[in-house]
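As structure tokens, the structure follows; a few thoughts come after it.
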Amino acid sequence: MLFAPMFLGKEAEYGGGKTWLVFPDLKECEIARAEWAGSRYQTATFTDIEAATNHLVGEGSYDAPWGSALVSGVSKIMGGADGDAGLLGDQNALDTLVEGENSPATLALVIQPGNGGPVEDWVNCEKIFNASPDTVMVVINGALDKVRGGYYPGVFFPKLAKTVDRFWKTFESVYYLKPISDKGCFGWLYRVYP
């Protein structure tokens with residue numbers, strides 16, 4: 001994410017919250033807001049995939065992973081009258097998405113969707129893009145090789161399989177770095193587009 005400041009705060013097109021930093025979940029958004037305290041980062045809109053999907057597509061359109069639904073329910077029970085104990089993160093870390101102000105975004109930097117997390121992130125990214133097709137979407141550490149390479153079989157992940165064919169196969173990798181090992185030899189596969 002060291003390249004994000006190149007866009008942030010420099011031009012009106014990307015400033016004023018028009019660059020969205022979209023995190024896979026609320027906790028990662030909360031940590032990033034605390035760690036990226038620089039003035040350029042603070043001109044961006046901090047959000048997560050759930051908030052962006054619900055805002056752009058409509059409330060209830062987010063495909064939630066079963067695990068987060070379970071923890072969210074426990075968090076609400078533990079929160080009692082306050083409503084939420086914050087097990088999944090602090091809601092205050094999210095910026096409010098306001099149509100005509102910071103929405104629609106000019107640039108959406110989606111950070112690490114689905115990589116080590118729920119496959120629903122990849123499905124929701126397609127929804128975000130389709131709801132705002134004029135927004136440039138850049139996926140960072142998206143594990144697109146796993147998504148497009150058949151790592152998740154369609155018989156077990158039918159929604160994801162449809163999304164891959166319609167959406168993810170159209171993405172162009174511009175920078176690719178992957179650790180490899182074979183018979184005791186270790187190295188990195190490195191590619192820069194073109």
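Identify, by number, the condition in (1) open to solvent by less than 50 Å² (accessible area, probe 1.4 Å); (2) over 24 Å from residue 68 (Cα atoms) that residue 152 doesn't meet.
(2)
Could you tell me which numbered condition residue 154 fails, if it satisfies all but one of (1) modelled with pLDDT of 85 or more; (2) at positive phi?
Every listed condition holds for residue 154 apart from (2).
Taking segment 16-29 only, how many residues are open to solvent by less than 70 Å² (accessible area, probe 1.4 Å) and either β-branched (Val, Ile, Thr) or over 16 Å from residue 104 (Cβ atoms) (or both)?
Within segment 16-29, residues that are open to solvent by less than 70 Å² (accessible area, probe 1.4 Å) and either β-branched (Val, Ile, Thr) or over 16 Å from residue 104 (Cβ atoms) (or both) number 7.
Could you list all residues from segment 150-169 that are assigned to a helix (DSSP H, G or I) and of a type in the set (A, V, I, L, M, F, W, C)?
Passing the criteria: 160, 161, 164, 168.
Between a first residue in segment 85-96 that is closer than 17 Å to residue 53 by Cβ and a second residue that is modelled with pLDDT under 80 and open to solvent by less than 50 Å² (accessible area, probe 1.4 Å), which pairs have beta carbons less than 8 Å apart while being 6 or more apart in sequence or on different chains?
88/68; 88/72; 88/75
Out of everything in segment 121-140 that is among the polar types (S, T, N, Q) and assigned to a helix (DSSP H, G or I), what residue ends up being nearest to residue 162 (Cα to Cα)?
124
Outside any loop (DSSP other than H, G, I, E, B) and at pLDDT 85 or above - does that describe any residue in segment 68-85?
no
Looking at the structure I just gave you, is residue 138 surrounded by fewer than 19 Cβ atoms within 10 Å (Cβ to Cβ), within 15 Å of the chain's Cα centre (by Cα) and under 20 Å from residue 16 (Cα atoms)?
For residue 138, the condition - surrounded by fewer than 19 Cβ atoms within 10 Å (Cβ to Cβ), within 15 Å of the chain's Cα centre (by Cα) and under 20 Å from residue 16 (Cα atoms) - is met.
For the subset of segment 30-67 comprising residues that are outside any helix (DSSP H, G or I), free of Cβ contacts under 8 Å to residues at least 60 places away in the same chain and in contact with a helix residue (DSSP H, G or I) (Cβ under 6 Å, 6 or more places away or on another chain), which member is surrounded by the fewest Cβ atoms within 10 Å (Cβ to Cβ)?
65
Just the residues that are assigned to a loop (DSSP other than H, G, I, E, B) and either loosely packed, with under 10 Cβ neighbours inside 10 Å or aliphatic (A, V, I, L, M) (or both), please, taken from segment 170-194.
Kept after step one, since they are assigned to a loop (DSSP other than H, G, I, E, B), are these residues of segment 170-194: 171-174, 183-184, 193-194.
Residues satisfying the conditions are 172, 174, 183, 184, 193, 194.
Sort through 157, 167 and tell me the only one that's in contact with an Asp or Glu (Cβ under 7 Å, 6 or more places away or on another chain) and surrounded by 10 or more Cβ atoms within 10 Å (Cβ to Cβ).
Answer to the selection: 167.
The values are calculated or read from the model by the stated rules, or taken from the named source; none is laboratory data. Keep in mind it's a predicted model, so treat the numbers as computed, not measured. When we count neighbours, we look across all protein chains shown, and the Cβ atoms used for this are built from the backbone with ideal geometry, even at glycine. For accessibility, only protein heavy atoms count, side chains too; no ligands or nucleic acids. Shrake-Rupley method; radii C 1.70, N 1.55, O 1.52, S 1.80 Å.
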